[in-house]
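Heads up: the structure comes next, in structure tokens.
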Amino acid sequence: MNKKTNGQPIFLYLAWLAAVIATLGSLYFSEIREFIPCELCWVQRIFMYPLSIILGIATFLNDRSIIKYALPLSIIGGLVSIFHYMEQKVPGFASIKPCVGGVPCSAEYINWLGFITIPFLALLAFTLTTIFLFIARKK
């Protein structure tokens, strides 16, 4: 059963755009600015990078059936981002799950306006992707 439709194609495109911008931003921070990703940053990448690919294909084909597979990636990635952001901003929260090695997950490479960190940017991207996917799935 083919579930291609013309309903809400702009929101599928916007979800893909949010995922691509987040992926490119992640690569910018690690490859150009040379920030070493911590353990939780890698987990967030595991959830974000596939979204860039599968949502791009779905947008090109205008195939909304991918939404049921993309939403769990986006929601779980957002939950990891919340946890990571709390490790950075809530005193004592980092001791709940200390990083096992490398860069500590509580490290803040950027801190724009006192609250915008890399996990916050990831959370924003996951949230936007999730919202756009929920809107796109409406018939």
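The values are calculated or read from the model by the stated rules, or taken from the named source; none is laboratory data. Just so we're clear, the structure is a prediction, and the values are computed from it rather than from any experiment. Cβ sites come from the backbone with ideal geometry, for glycine too, and all protein chains shown count toward neighbours.
See the values below:
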| read-out | value |
| --- | --- |
| Counted residues, the range 85-139 - those being within 16 Å of residue 43 (Cα to Cα), at pLDDT 85 or above and exposed (fewer than 15 other Cβ atoms within 10 Å of the Cβ) | 1 |
| Subset of the range 36-48 (residues that are modelled with pLDDT of 95 or more and either of a type in the set (Lys, Arg) or part of a loop (DSSP other than H, G, I, E, B) (or both)) | 45 |
| Those residues of the range 20-77 which are in contact (Cβ under 8 Å) with a residue 60 or more places away in the chain, closer than 16 Å to residue 134 by Cα and small (Gly, Ala, Ser), in sequence order | 65, 70 |
| Search result, residues across the range 16-41 that are within 18 Å of residue 76 (Cβ to Cβ) and either of a type in the set (Val, Ile, Thr) or in contact with a strand residue (DSSP E or B) (Cβ under 6 Å, 6 or more places away or on another chain) (or both) | 23 |
| Close pairs (6 angstrom Cβ cut-off, 6 or more residues apart or separate chains): within 13 Å of residue 16 (Cα to Cα) and touching a residue at least 12 places away in the same chain (Cβ under 8 Å) in the range 124-139, of a type in the set (S, T, N, Q) and in a helix (DSSP H, G or I) anywhere | 126/74; 126/81; 129/74; 130/74 |
| Residue check, residue 51 of a type in the set (A, V, I, L, M), modelled with pLDDT of 95 or more and within 17 Å of residue 125 (Cβ to Cβ) | yes |
| Scope the range 60-81; condition touching a Pro at 6+ places or on another chain (Cβ under 8 Å), surrounded by fewer than 20 Cβ atoms within 10 Å (Cβ to Cβ) and modelled with pLDDT of 95 or more; matching residues | none |
